[in-house]
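J.: Just dropping this structure here.
Just so you know, all these numbers are worked out from the coordinates, no wet-lab data involved. Worth saying up front: this structure is predicted, and the values here are computed from it rather than measured. Here the Cβ is made from the backbone with ideal geometry for all residues, glycine too, and neighbour counts use every protein chain on show.
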Amino acid sequence: MSKNKFFNTESMTAIVLSFVGGILDIYCLFNFDFYATMHTGNIIKMVENLIDGKIELFIDTILFILFFIEGLFITNFLEKKTRFNGIKISLVISLIFFTVIALIPNDDPPGDLSVAKMFSACVCGYEGALLIHSFTRFGKYSYSSTAMTSNMNRAVSNVYDRIATKDKTLNYGIVVYALIFIFFVLGVTGGYAYMKLVPFPVSGFWNLYKYNLLLIVPIVLICILLLSLKIKKTNKEKTESEEPKA
């Protein structure tokens, strides 16, 4: 096994984006009472709001789910009808989404949905769709940057196959799945800790963007990933140019 087997571009992208997905989910849950990617929970909330007579929240939940579905449709269209099939392009779009969300003022109490917050929530739905769709396939392993139930199922299957077949190549998938789970938990934990520690209410600029400052973390991480991909491509091109031609 190569020394850098567990730290190639694909695995590191999946691990970092699991951390980003954890931050996005806790940000959406705290601010909008929606999950960014876990729509089983959103459907349960939708039914709960309907039965409890909370019609406005019921409609808001439906809208959020519909924007997520629309995001999935758009990402599928771009992937199949255009050249939208590279990690780099996906990261650039994610960077744009997170920047838009971070710039939208957010001065309502957690759970209250103004027009601005609903627009922000819908952009989060697009970003959730992008995370779910664009980073699920790396080599022969299927990862999900946010759906931990699927990751745990696949990880246990890999562990079982490793024990049954004694195939050491399965170690790679087991380790990466474990790291994805750990970093998702770290993203949720860090995001929740920040949200709980932020004082409310306060005034001025801090009141408008105190929660959004959390999104600086995924923005910086995505920029680092883009930079690392650029450096890797440059080094690869340099190596190929230095190889003697036949």
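J.: Too long at a 21 Å Cα-Cα cut-off: which of Lys88/Lys117; Lys117/Lys210; Lys80/Lys230?
T.: Flagged as over cut-off: Lys88/Lys117; Lys80/Lys230.
J.: Which length gain, in nm to one decimal place, applies between Leu66 and Lys168 when the Cα-Cα distance is subtracted from 0.36 nm times their residue separation?
T.: Extra length available between Leu66 and Lys168 comes to 32.4 nm.
J.: Find out how many positive minus negative residues lie around Val188, taking Lys and Arg as positive, Asp and Glu as negative, among other residues whose Cβ is under 13 Å from that of Val188.
T.: In short, 0.
J.: Now a separate question. Where does the charge balance sit around Gly128 when Lys and Arg score +1, Asp and Glu -1, over other residues with C-beta under 12 Å from its C-beta?
T.: Surrounding charge for Gly128 is -3.
J.: Let me ask you something else. For Val220 and Ala116 in the same chain, what is the full-extension length gain: residue separation times 0.36 nm, less their Cα-Cα distance, in nm? Don't skip to the answer; put the middle values down first.
T.: Details: separation 104, 0.36 × 104 = 37.44 nm, distance 2.40 nm.
Taking 0.36 nm per residue and subtracting the Cα distance, the gain is 35.0 nm.
J.: Same structure again: Report the full-extension gain for the segment Leu50 to Val175: residue separation times 0.36 nm, less the Cα-Cα distance, to one decimal in nm.
T.: Contour length minus Cα-Cα distance gives 40.8 nm.
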